[in-house]
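Data first, discussion second: the structure below is written as structure tokens.
The values are calculated or read from the model by the stated rules, or taken from the named source; none is laboratory data. Note that the coordinates shown come from a computational prediction; the quantities given were computed from them, not determined experimentally. Cβ placement follows ideal geometry from the backbone for every residue including glycine, while neighbour counts extend to all protein chains displayed. Just the protein is used for accessible areas: all its heavy atoms, side chains included, with ligands, DNA and RNA removed. Shrake-Rupley method; radii C 1.70, N 1.55, O 1.52, S 1.80 Å.
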Amino acid sequence: MAQESVKQEGAKRTSGDENSHGGNLLGPLLCWAVVFADIGTSVYYTPGILYGTVGKLAGFFVLLTMTVFVLLTLKYAEVTHRFPQGGGVVTVSAQALNKWFGAMGGMFILVDYFLTASISCLSGIFYLSVVIRFMEPLALWITIIVLVLLGILNWVGVSESAKVSLVGAVVAFLSDIAILVTVFSHISLSEFFVLFGQMFEGKGLTPESLLVGFAGSFLAFSGLESISQLSPVMKTPRKRVAGIALLLVVLTIGLTSPLLTMLSTLLQPAEAANTIKNTQLISLLAGHWGNIFLQSEVAISAGALLVFASNTAIIGTYHVFMALSRMDFFPAFVLKRNKLRGTPHYSIALATGIPIAVLIAVRGNVNILGDMYAFGLLGAFTLTCLGMDVVRYRERRLARRIAQSLPENNDLNQDGRTTPDEVLQNAITLSRQLTQSNGHSQQEGLETDSIAKMASARRTGSGRLKILWRNIDFYLGILTTVLVALAWGTNLVAKPLATAFGGSVAALGMGVAFFVYNQHKQKGRVPVVTTTGVEGRLPNSVLAVLSADSEHNDAVIHAAIDNADGHPVVFMYLGEPRNVPPPRLFEVYDPYLYDPAAKAAFGRAQSVAQKAKVSTRFIYKMEGRDVVARVWQFIHPRDTIVAADNANECQDINPDRIRTELTQEGKVVHMIKRW
């Protein structure tokens with residue numbers, strides 16, 4: 001049975017209005033700051049962890065994986081503007097694949113966040129201990145205290161600030177540059193190339209070691225996923241903002257991470273091999289080639305930024321908990337807020353308590369935490385890449401359909417031929433009919449103009465270079481997915497502890513999701529979370545219009561199912577959520593998830609439909625009265641059913657005849673049309 005839901009792009013309505021929310025929206029620089037403040041912290045602990053696995057080749061593998069990182073940024077830039085409601089892997093995998101993949105993506109990102117909070121905070125304390133020596137033997141317990149304090153701060157309501165991220169990111173980047181300038185002021189270019197050659201001395205590269213090093217070095221780029229969480233609070237056009245922000249990320253990370261990893265491990269082999277010193281390599285590098293001032297500055301800035309990254313992970317964690325709860329995968333208590341501060345105390349407690357439990361379990365061993373990191377990080381990367389490949393494939397398929405539907409001679413010019421511009425306009429019209437009119441493109445990530453341009457180029461034979469580039473881009477995307485999946489698969493085998501931990505957490509989370517989902521089902525409400533949209537016209541279908549202010553939605557539901565006659569029923573809910581908060585950092589911003597009445601109505605409809613074995617689609621809208629007419633025109637239903645007291649919502653449609661039906665739940669109106 002098809003379960004599909006289309007929802008309005010709430011983020012566009014709220015965060016897209018730069019006049020009303022301009023102060024809260026992030027431009028390219030602030031987006032770079034948030035991402036760099038996360039991903040830029042990885043360089044502080046990755047060199048030591050990688051040295052324990054691949055030795056002197058740590059810098060080489062970070063440089064090698066940098067190429068895949070660049071390809072990943074291209075995909076995440078697309079995720080950001082194609083899915084403006086945010087949510088990253090949860091949204092992409094749920095809408096491109098299905099609801100259970102969305103839940104699985106949520107579990108993967110939770111594993112990632114748990115370990116980010118643990119390893120970042122612990123590493124931050126180790127860096128601060130370079131300046132405050134007594135902290136080193138007490139690092140584990142101080143880390144636990146700091147995490148508890150971060151949990152309390154979040155309970156109080158201290159939230160993430162992009163401007164604070166900007167300060168931290170700039171300080172961290174300038175510190176990294178200062179270290180590189182200092183080191184290169186002491187070694188010549190020829191000495192550097194000799195140093196570069198030393199990476200390959202004494203240890204040959206085998207296919208197995210190449211795979212293990214490649215997979216392990218993805219740790220250096222953890223944090224990229226945070227860009228997709230910024231969509232709801234990003235300035236428009238998101239495509240341009242995300243592109244510039246990620247270009248800055250690539251340039252700054254590419255300039256610092258591979259070089260710092262190589263220099264900190266090759267110039268300090270004794271420290272890299274030490275289980276404590278390898279957590280302070282960047283600061284020690286600054287002190288060895290610079291002075292005590294630079295060493296202390298790097299230690300303090302790194303420590304502060306790492307603790308800040310830990311707080312970011314806590315915020316991301318409890319927002320994912322809440323999103324999964326709103327999607328009916330986690331219990332409702334996760335959403336409860338305390339009366340004193342209005343913050344989700346249960347979610348915050350879980351987001352803080354689980355990283356603390358992980359730290360205690362591994363006894364504060366950073367290397368073990370680094371090995372465990374790979375499962376969630378690469379799992380989330382893989383699902384996101386796969387989801388984007390599916391979206392791109394659907395675009396190509398729709399473009400072929402539109403190209404075949406374009407008339408050969410329409411709107412002829414004076415020469416009796418159709419110009420390329422006219423073909424493009426026809427393609428845009430058809431593309432919008434197939435996507436935009438029902439919210440399809442907004443929720444599936446499909447781009448109307450992109451589809452139209454592909455179709456027009458196919459039909460006219462023009463723009464061969466553009467077609468070639470789109471093909472190259474498509475297959476580069478598939479290559480990226482294969483490489484990331486290869487790295488994930490390698491880590492599943494090479495790092496059994498990570499597989500055991502991540503697999504156990506993901507399995508436990510999926511078990512909870514399955515249990516909660518079935519609890520709703522037993523109560524007669526099947527959660528509707530799959531959002532693959534209405535594919536096109538549905539001849540002989542039934543359009544059932546539900547309203548937020550109607551007392552007779554159940555009458556419409558039962559009348560629609562009873563009159564389906566084996567054809568699909570499209571349930572459309574006209575929502576008026578009055579308590580949707582403004583979008584915030586790392587929050588999934590989908591008005592449907594904040595509308596319990598709509599979720600309950602769709603859930604009842606799906607439960608009845610499943611028992612009757614009727615195929616269903618679901619559309620959620622918050623627009624004006626003409627939205628019903630536009631959807632009606634798009635799907636061409638034979639019967640449109642609405643509660644009698646809400647019939648005015650359908651006054652813009654043009655049925656052949658109208659009849660009323662009196663049901664046990666109330667009176668409904670049938671608007672019948674023979675197309």
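May I ask you to derive the FRET efficiency for Ala612 and Leu153 from their Cβ-Cβ distance with R0 = 60 Å, giving the value to the nearest 0.05? With R0 = 60 Å, the Cβ-Cβ based efficiency is 0.75.
Backbone amide hydrogens, once placed in the peptide plane, bring Leu26 within less than 5 Å of Met234, Lys235, excluding anything fewer than 5 places away on its chain. Over segment 97-200, accessible surface divided per residue gives 41 Å², non-protein components excluded, 1.4 Å probe. Scaling the Cα radius of gyration of segment 564-618 by the globular reference 2.2 N^0.38 Å produces a ratio of 1.41. Taking packing as the residue-averaged number of other Cβ atoms within 10 angstrom, the listed peptides 552-563, 337-348 run from highest to lowest as 552-563, 337-348. Whole-percent P(r), segment 161-242, all Cα pairs, 5 Å bins from 0: 3, 10, 10, 14, 15, 15, 13, 10, 8, 3, 0.
Both the radius of gyration and Dmax for segment 327-366 are 13.5, 38 Å, in that order, over alpha-carbon atoms.
The eigenvalues of the Cα gyration tensor, multiplied by 5 and square-rooted, give segment 193-317 an equivalent ellipsoid with semi-axes of 30, 21, 15 Å from largest to smallest. For Ile619, the residues whose amide H sits under 5 Å from its own are Val6, Phe571, Met572, Tyr573, ignoring neighbours fewer than 5 places away on the same chain, with H placed 1.01 Å from N.
The residues of segment 567-675 have, on average, 43 Å² of accessible surface per residue, using a 1.4 Å probe with all protein chains present. Which entries of Lys239/Lys621; Lys235/Lys336; Lys99/Lys466; Lys235/Lys599; Lys336/Lys523; Lys99/Lys599 have Cα-Cα distances beyond 26 Å here? Table pairs above 26 Å Cα-Cα are Lys235/Lys336; Lys99/Lys466; Lys235/Lys599.
Ordering Ile145, Ile672 by accessible surface, largest first, gives Ile145, Ile672; the 1.4 Å probe counts only protein heavy atoms, with every chain in place.
Residues whose amide H falls under 5 Å from that of Ser547, counting only those 5 or more places apart or on a different chain, are Leu574, with hydrogens built in the peptide plane. Viscosity 0.692 mPa s, temperature 37 °C: what is the translational diffusion coefficient of segment 100-239 from Stokes-Einstein with a Kirkwood Rh over Cα pairs, rounded to a whole number of µm²/s? So the translational diffusion coefficient is about 167 µm²/s. Based on Cα contacts under 8 Å between residues 6+ apart, segment 311-363 shows a relative contact order of 32 percent. Using only the C-alpha atoms, the convex hull of segment 96-159 corresponds to 118 Å³ per residue. Averaged over residues, the count of other Cβ atoms within 10 Å places the peptides 52-59, 70-77, 298-305 in the sequence 298-305, 52-59, 70-77, highest first. Compactness ratio for segment 481-574: Cα radius of gyration over 2.2 N^0.38 Å (N = residue count) comes to 1.71. In terms of accessible area, using a 1.4 Å probe and ignoring ligands and nucleic acids, Trp675, Trp469 rank largest first as Trp469, Trp675. Put simply, the Cα atoms of segment 17-133 extend 49, 35, 26 Å along their principal axes, the longest span coming first.
Within the accessible surface of segment 190-303, defined with a 1.4 Å probe on protein heavy atoms only, the carbon and sulfur portion equals 68 percent.
Under a no-solvent Debye model with one identical scatterer per Cα of segment 237-289, what's log10 I(q)/I(0) at q = 0.12, 0.20 Å⁻¹? Debye output, listed in q order: -0.40, -0.69.
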